[in-house]
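One structure is given below, encoded as structure tokens.
The values are calculated or read from the model by the stated rules, or taken from the named source; none is laboratory data. No experiment lies behind these values; they were computed from the predicted model shown. Here the Cβ is made from the backbone with ideal geometry for all residues, glycine too, and neighbour counts use every protein chain on show.
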Amino acid sequence: MKEYIEQHIEEATAALRAVSSDEIAKCMVQIQRVFERDGRIYIFGNGGSLALATHWVSDFNKTVFGHNVELHTKRFQAIRLPTTEEEYSAWTNDVGHDSVFVGPLQNYLQEHDCVIAISSSGNSQNVIKAAQYAKKRGVPVIALAGFDGGELNKLADVKILVPTPKGRYDLVEGAHGVILHLITWYFRDYFEHKLAKKTSHGKKKNK
Amino acid sequence: MIVIRAPLRISLIGGGTDIPVFFRSHPGRVISATIDKYIYLVINPTPLVDMVSARYSKTETVSHPKELEHARIKALLLDLGITSNIEIGSFASLPGKTGLGSSSSFSVALVKGLHAHLGRSMSAAEAAEKACELEIDILGEPIGKQDQYAAAHGGLNFYQFNCNGSVTVEPLLLDYKKSAELQDSMLLFYTGIERHASDVLGQQVGQMKSKFDSYIALSNSVLKFRELLLKGDIKGAGLMMHESWLAKKKLGSKVSNKTLDSLYSAGIKAGAWGGKVLGAGGGGCFLFIAPPAKHKAILKALKAQAKKVKLVGARHIPFSFVESGTDILFNNNASHQV
């Protein structure tokens, strides 16, 4: 039993280590840009990836500014697509499963937004359709993919790839979870740092 | 209507090596950072008015773009075949001719904005290249390519202008702490002296061949400067900027003058590690790199010296780095079909 557990931890660690930190840094830059231009971040994926997207949005919209929420008048606007289960089932039922992300994205997307597309295989057609639509509109696409990256990794502007053997959803989704938390915590620390500087300057001025 | 904005930039090192006469023989290199001062353009289709309007410090309304006085708007409208039913207005956080690259920021915003007006989206690299084509090839300005690339891409970047004409863009991925430290050590001071980059650069380009080795040394020094920034050695970068400024002054007699030299000395005497005139030189803004604790004293010294040499418009410009490049902020032209 212990051996099995340790081997899994080894594999999970190795998968995470194989991710390019440059690409994660580029992702931070893209998100910073969206913040500066008051744009929105749309995130989506299937199954476990959709759960990651929902989890990230709730963390990101609140936790980043959580400590001094009232002092941060300008905040992030991250939105999971589709925004409700009802809308998800309506697109699937009425138009087809390939439309569940691109459908709502077409309703909202503006040139100053950005998109985070999650697909472990990188080949989920509904995810790719939405990413292609964003690309067509000149909107940056951040991809979180696994295995060999698939089609999604090829078309993305920022390629966060967890390279693993095909089918290792466990490793890919686990690493994606860590990376999404990393993004949240980076911006949390960044805004805390900025605020600390601002308030210490303010104090000096008041003296 | 389309609203588009392009950031201004501070050029840290390597300016001059981005001029085609140089980089066609030896790779040119620069490092620059975009700041939270922008040029905004509004592009509005006017289907019922068969005229072209350009609103900047002047307002022009003409029946065909060939009658426009504004050289860039005129050239680009003609190039893209837009001859009527359009209004273009520009707004800026700072005046032009300050050495912050505003004229190229304007060009990139215009290029990307007019393409969006035609329903075409453009990558940062495409917008930068098209703006270079507009300014250098079509309008024949003796300028380099760094400002167009800085405005289009945004952020703190290393640019290499390769001999074959391609451009390598590498972001200096500093974390927020290092980036804030660098920003907090920088002082931006406007001299109040307006200058045309083309006047300064025109002379430099003429003398480039005789000073080719100095340009090669400048281009190579950018690699070392990048290492210092990545390490977070701000003092080292400041001292290097000082050396680089002394060398740059020898590249053309219009880069500096007695008034600018007196301001620079005042800044260094008050505790700055280094600094430079931003952009081509001859006026505009000074950038100093100094320990934050010395900023107050440096500003006091600069203001006193500016007063002494009767620079009435001289003032401190507080700024922050931004990651933004040229971005469309608003577009309600109904042309986004899947």
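A few comments on the model shown:
- Pick from the range A:16-44, criterion of a type in the set (A, V, I, L, M) and in a strand (DSSP E or B), ranking: farthest from the other protein chains (Cβ to nearest Cβ): A:Ile43
- The set of residues in the range B:291-328 that are small (Gly, Ala, Ser) and within 27 Å of B:Ala151 (Cβ to Cβ) comprises B:Gly313, B:Ala314, B:Ser320, B:Ser324, B:Gly325.
- Residue within the range A:151-169 that is within 14 Å of another protein chain (Cβ to nearest Cβ), surrounded by fewer than 21 Cβ atoms within 10 Å (Cβ to Cβ), farther than 23 Å from A:His8 by Cβ and not small (Gly, Ala, Ser) present: yes
- Taken over the range B:203-248, the residue count meeting the criterion of being without any contact (Cβ under 8 Å) to a residue 24 or more places away in the chain, under 19 Å from B:Ala280 (Cα atoms) and in contact with a Leu (Cβ under 7 Å, 6 or more places away or on another chain) is 0.
- Given (1) surrounded by 16 or more Cβ atoms within 10 Å (Cβ to Cβ); (2) at pLDDT 95 or above; (3) not hydroxyl-bearing (Ser, Thr, Tyr), number of the condition B:Met208 does not satisfy: (2)
- Odd one out for B:Ser214 among (1) crowded, with 20+ Cβ neighbours inside 10 Å; (2) polar (S, T, N, Q); (3) more than 16 Å from the chain's Cα centre (by Cα): (1)
- Test result for B:Glu181, part of a helix (DSSP H, G or I), over 22 Å from B:Gly281 (Cβ atoms), in the same structural domain as B:Gly274 (by TED's automatic domain parsing) and not hydrophobic (A, V, I, L, M, F, W, C): yes
- Residue in the range B:123-137 that is buried (at least 17 other Cβ atoms within 10 Å of the Cβ) and within 13 Å of chain A (Cβ to nearest Cβ) present: yes
- Among the residues of the range A:105-131, those that are of a type outside the set (A, V, I, L, M, F, W, C), surrounded by fewer than 24 Cβ atoms within 10 Å (Cβ to Cβ) and touching a residue at least 24 places away in the same chain (Cβ under 8 Å) comprise A:Gln106, A:Tyr108, A:Gln110, A:Glu111, A:His112, A:Asp113, A:Ser121, A:Asn123, A:Gln125, A:Asn126, A:Lys129.
- Selection status of B:Thr61, among the β-branched types (Val, Ile, Thr) and surrounded by fewer than 24 Cβ atoms within 10 Å (Cβ to Cβ): yes
- Those residues of the range B:9-37 which are in a helix (DSSP H, G or I) and in contact with a Gly (Cβ under 9 Å, 6 or more places away or on another chain), in sequence order: B:Pro20, B:Phe22, B:Phe23
- Looking at A:Ala134, A:Ala90, A:Ala130, just one residue is of a type in the set (A, V, I, L, M) and away from every other protein chain (no Cβ under 12 Å), and that residue is A:Ala90.
- Here B:Pro95 meets the list (1) of a type outside the set (Asp, Glu); (2) within 27 Å of B:Asp18 (Cα to Cα); (3) exposed (fewer than 15 other Cβ atoms within 10 Å of the Cβ); (4) modelled with pLDDT of 95 or more almost entirely, failing just condition (4).
- The number of residues in the range B:148-189 that are buried (at least 16 other Cβ atoms within 10 Å of the Cβ), closer than 23 Å to A:Lys26 by Cβ and away from every other protein chain (no Cβ under 14 Å) comes to 7.
- Scanning the range A:65-84 for residues that are in contact with a strand residue (DSSP E or B) (Cβ under 9 Å, 6 or more places away or on another chain) and either modelled with pLDDT under 95 or within 14 Å of chain B (Cβ to nearest Cβ) (or both) yields A:Phe76, A:Gln77.
- The residues of the range B:269-284 that are in contact with a strand residue (DSSP E or B) (Cβ under 7 Å, 6 or more places away or on another chain) and surrounded by fewer than 23 Cβ atoms within 10 Å (Cβ to Cβ) amount to a single one, B:Trp273.
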